[in-house]
Amino acid sequence: MAGITTHVLNTATGAPGAGMRIDFSVWDQDRYRLVKTVYTNQDGRTDQMILKPEETRIGKYELVFHVREYFARMKTPMPELAFIDSVPVRFSVFDTKQHYHVPMLATPWSCTTYRGS
């Protein structure tokens, strides 16, 4: 399955990152253009693919994970000036026949992403 997907894991609790806001943008004319904003469901995934296979093009993309906002809503103790705020993940699609899964593992103090399957 081609296309772009994501999921979020709250690694502070080991639970899915339900309700995290994610902004999806595409590189267009020398800047990132916002395409849509999505929220993760109870499983920490989006209800729909970020980008369906037939819509995916070779190019540069960005997912912005709103980590501080998520942990504040979860009432996680944090300083007023959070260490992690919004986390942009910029990546390239180089083969539209491949699936690009971009997960986010997050705590208020760290985050990790990788190309998943």
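We did not get these values from a lab; they are worked out from the coordinates using the rules stated. None of the values given here were measured: they were computed from a predicted structure. Don't worry about glycine lacking a Cβ; one is built from the backbone with ideal geometry, like all the others, and counts go over all protein chains shown.
Here are some residues: Thr13, Thr56, Thr37. Which one is polar (S, T, N, Q) and buried (at least 17 other Cβ atoms within 10 Å of the Cβ)?
Details: Thr13 fails: buried (at least 17 other Cβ atoms within 10 Å of the Cβ); Thr37 fails: buried (at least 17 other Cβ atoms within 10 Å of the Cβ).
None of the others qualify; the one that does is Thr56.
Looking at Pro108, is it under 17 Å from the mean Cα position of the chain (by Cα) and assigned to a strand (DSSP E or B)? If you could, list the steps in order and put the result at the bottom.
Details: under 17 Å from the mean Cα position of the chain (by Cα): yes; assigned to a strand (DSSP E or B): no.
In short, no.
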*When you look at Val93, is it of a type in the set (A, V, I, L, M), surrounded by 14 or more Cβ atoms within 10 Å (Cβ to Cβ) and either within 10 Å of the chain's Cα centre (by Cα) or within 22 Å of Ala12 (Cβ to Cβ) (or both), yes or no?*
no
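Of the residues in region 71-117, how many are basic (Lys, Arg) and under 17 Å from Lys60 (Cβ atoms)? Steps first, please.
Taking region 71-117 first, the residues basic (Lys, Arg) are 73, 75, 90, 97, 115.
Checking which are under 17 Å from Lys60 (Cβ atoms) leaves us with 90, 115.
Looking only at that region, the number is 2.
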*Where in region 1-89 are the strands (runs of 3 or more DSSP E), entirely inside, with at least 1 residues that are basic (Lys, Arg) and farther than 21 Å from Ser110 by Cα?*
32-39, 59-66
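Would a scan of region 99-108 turn up a residue that is out of contact with any His (no Cβ under 7 Å at 6 or more places or on another chain) and among the small types (Gly, Ala, Ser)?
At the first step, the residues of region 99-108 found to be out of contact with any His (no Cβ under 7 Å at 6 or more places or on another chain) are 99-102, 104-108.
Applying the additional criterion that residues be among the small types (Gly, Ala, Ser) yields 106.
Yes, region 99-108 contains a residue that is out of contact with any His (no Cβ under 7 Å at 6 or more places or on another chain) and among the small types (Gly, Ala, Ser).
Per-residue answers, yes or no, for (1) closer than 21 Å to Ala15 by Cβ; (2) in contact (Cβ under 8 Å) with a residue 12 or more places away in the chain:
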position: Tyr39; (1), (2): yes, yes
position: Glu54; (1), (2): no, no
position: Phe65; (1), (2): yes, yes
position: Ala72; (1), (2): yes, no
position: Lys75; (1), (2): yes, no
position: Val87; (1), (2): yes, yes
position: Pro103; (1), (2): yes, yes
position: Ala106; (1), (2): yes, yes
position: Trp109; (1), (2): yes, yes
